[in-house]
Each structure stands twice: as structure tokens, then as C-alpha cells.
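First the structure, in the form of C-alpha cells, and then the observations on it.
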Amino acid sequence: MVEFVRLSRDARRRIPFIDSRYVDPGVPRLELPISALPPAATLAAGDCHFIFHSAFCCSTLLGRALEREGVAAVLQEPQILADFSVLLAAAEGASDRHSELDAVLALMQRPHRPGEVTILKLSNSANSLIEPLLALRPRASAIIMYAPLPLYLLKIALGGTTRRKWVRSTAGLLKRHGQCVASPAPDLSLLTDLEAAAYLWLEQQGHFARLLGGRYAERFAVVEASDLLDAPGPTLRKVWDLFGLHIDDDMLSEIVGGPAFAQEAKVPGEKFDPAARRMNEAAAKFAYGAEIEAALDWAHGFAERAGIPLRLRST
């Protein structure tokens, strides 16, 4: 079954992700069997592009900065794509699942306004869809985003028990669905929480590195979290150029000085406080510094053995 929900553009902007956890249960809904969806070829779909990431790297911020009526609509982490990543793994690439994904993708990429391009930001748990999506959309380009491993581990530590559980759950799914890059994969039960987090990051980093050296290499550009935070203007121009979208200097200044960078990306309407963030990160380094360093030592050894680069660069 596929569930449709009616969301205005403003309502969509007010939630972090297109996910049942955040959508008001009272909004109008419609459920249809997936077999009832029209074939992708019958839909007048516009262009679409993608943002892929490895979590806690400002990808939600990038999505908010790219959203501009009449130019681009950004769909943040639609749950249906995460569901498809599980379905395709279970179906071992069955052609009917790919045709269903094609139909759902065509529905999502229909222009919200004339001339608009749709940008889909996937959750990192759906990264197994990268190759199928690029194969289905040969004109699409994609951004790969990541945060350096020390910052990623700091974000996991800051998130407490919830993020530590998320790490183990996501890493476990990766192993169960046979999506590992490194071999042999470690026994997660023998790793600390932050070592498991480092392993998850390295697996995704290895996947990205393989993509950047593969058949779709020219369709990617890499953005590191600090690129967007330290040089938002040049970084946004790089992304818009990759996606073939026009951005003039006035528009760029308006975006950089606008609400996307002034509010918490995952809590629209809440003011972003850089000083408070620095204080929280400093406190986390003090509290978890030894655990982070131990995880980094483990990760460096694992990365060297597996041939996984700690930095990524697009061609």
C-alpha cells in the first residue's frame, strides 16, 4: 500500500522529514495498492536530483537552503524511499520492485510549480537505493554529503542513548541486507557504541568512494559539512551549478542571510544559536573525549585494512 497525505508547501517546510512521525495525523490521507499507481511513463514528471549523505552532516540545512518557490522543491527524507531500500534488498533486485520504485519516483518528482525541479534528499538508511535511482533517472545529478569522522562521533555522543541505539540498529540492518563494503565485517556486539558508529560511517564512506570512482562519477559532487557552514555562498553555487539551476548574486545573498541559516534545520522556527552549539560540543568533548579517541583509533586501523578513505573528493 502507498499512503498519500495532503500537505501544503508551508506545512511541508515546517516538518523536518516526510515521515509519519512528523506528519499531523489529522491531515487528509488516501491509501492505494501500489499496483494501482500509474506507470511512470504516463506521468508528466519534471527533472529531479538527489542529495545522499551519511547523517549529521548538515544535509537537512542544505535541503532547506535549496528550497525556493519557482526554482526547486526539496523533499526531505521521504519515508517511502527508506521502505523501498528494504523492499529491494528483500526482493534481491526483482524487476517489478524497480518498476514500482520508478512509478513512486515519478509521482514525487512532478513539478510543484511550473519550471520547478524536485530535489530528493534520502535518509542515510536508504543509501542502497543510490545506484537504482541513478539508473532510473539518467539525467539526475547528486550531492554526496558527509561530516568528518571526529565530528560525526561527537554528534552521536551528544545525542545520548537514542543516537547510540540508532547506530547499532542501522549498522545491523546494513549487515543483514548484505550491503557491506568492508570484509570481513566486525562483530557489532564486540564494539563500543562509538566504535559501532565509526563502523557505520566507514561503510557509508566506502560506498561513497566506490560511487565516486564508478560509472556515475561525473554525476556527483561532494560537500563536506564544513563547506556549507564556513563558505555557504560558494557551496550553494556549486550545488546549484551541478543541478543546472540559475542563482544570481541577489538570490544567493537572500538565501545565506535568510531563515535557512538562522534557524535550526530540524526544528524550523527555532533560532540557531552558534554559541550554544559550540558550548554543547565543548562539553561533549570533555565528557566523551576518551571514548571518541578510542573509537577513532579503532576506525583508523579498520579504514587502513579495508582501504576506505577518510576524505572524499569528486572528480
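Looking only at region 162-184, filter to residues that are closer than 20 Å to Asn127 by Cα and exposed (fewer than 15 other Cβ atoms within 10 Å of the Cβ); which one of those is modelled with the highest pLDDT? The extreme case among them is Lys165.
Among the residues of region 301-311, are any surrounded by 12 or more Cβ atoms within 10 Å (Cβ to Cβ), without any contact (Cβ under 8 Å) to a residue 12 or more places away in the chain and either among the aliphatic types (A, V, I, L, M) or more than 30 Å from Ala217 (Cβ to Cβ) (or both)? It would help to see each step written out before you state the result.
Residues of region 301-311 that are surrounded by 12 or more Cβ atoms within 10 Å (Cβ to Cβ), as a first pass: 302-303, 306, 308-310.
From what is left, the residues that are without any contact (Cβ under 8 Å) to a residue 12 or more places away in the chain are none.
Within region 301-311 (the criterion being surrounded by 12 or more Cβ atoms within 10 Å (Cβ to Cβ), without any contact (Cβ under 8 Å) to a residue 12 or more places away in the chain and either among the aliphatic types (A, V, I, L, M) or more than 30 Å from Ala217 (Cβ to Cβ) (or both)), the answer is no, since none of the residues qualifies.
With respect to being without any contact (Cβ under 8 Å) to a residue 24 or more places away in the chain, assigned to a helix (DSSP H, G or I) and either within 28 Å of Glu264 (Cα to Cα) or among the hydrophobic types (A, V, I, L, M, F, W, C) (or both), Ala11 fits the description.
Only helices (runs of 4 or more DSSP H) whose full extent lies in region 159-264 are considered here, and the ones with at least 1 residues that are on the phi > 0 side of the Ramachandran plot are 160-176. Report yes if Glu224 is farther than 21 Å from Ala140 by Cβ, among the charged types (D, E, K, R) and within 20 Å of the chain's Cα centre (by Cα), otherwise no. Yes; evaluated as a whole, the condition is true for this residue. Look at region 145-156: where a residue is more than 17 Å from Ser125 (Cβ to Cβ) and touching a residue at least 12 places away in the same chain (Cβ under 8 Å) and a partner is of a type in the set (Ser, Thr, Tyr) and assigned to a helix (DSSP H, G or I), sitting 6+ places away or on another chain with Cβ atoms under 9 Å, you get Pro148/Ser226; Leu151/Ser226; Leu153/Tyr288; Leu154/Tyr288. Restricted to region 186-226, and to residues there that are farther than 17 Å from Pro309 by Cβ and of a type in the set (Asp, Glu), the residue that is surrounded by the fewest Cβ atoms within 10 Å (Cβ to Cβ) is Asp187. Residues in region 1-54 that are touching a Ser or Thr at 6+ places or on another chain (Cβ under 8 Å) and closer than 30 Å to Arg164 by Cβ: 5 in all.
Results for (1) farther than 17 Å from Cys48 by Cβ; (2) of a type in the set (D, E, K, R); (3) out of contact with any strand residue (DSSP E or B) (no Cβ under 9 Å at 6 or more places or on another chain), shown as yes or no for each residue.
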{"residue": "Ala72", "(1), (2), (3)": "no, no, no"}
{"residue": "Gln76", "(1), (2), (3)": "no, no, no"}
{"residue": "Ser85", "(1), (2), (3)": "yes, no, yes"}
{"residue": "Ala89", "(1), (2), (3)": "yes, no, yes"}
{"residue": "His98", "(1), (2), (3)": "no, no, yes"}
{"residue": "Arg110", "(1), (2), (3)": "no, yes, no"}
{"residue": "Arg113", "(1), (2), (3)": "no, yes, no"}
{"residue": "Leu134", "(1), (2), (3)": "no, no, no"}
{"residue": "Leu153", "(1), (2), (3)": "yes, no, yes"}
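The values are calculated or read from the model by the stated rules, or taken from the named source; none is laboratory data. Just so you know, these numbers come straight off a predicted model, no measurement behind them. Quick reminder, even Gly has a Cβ in these numbers, built from the backbone with ideal geometry, and neighbours come from all protein chains shown.
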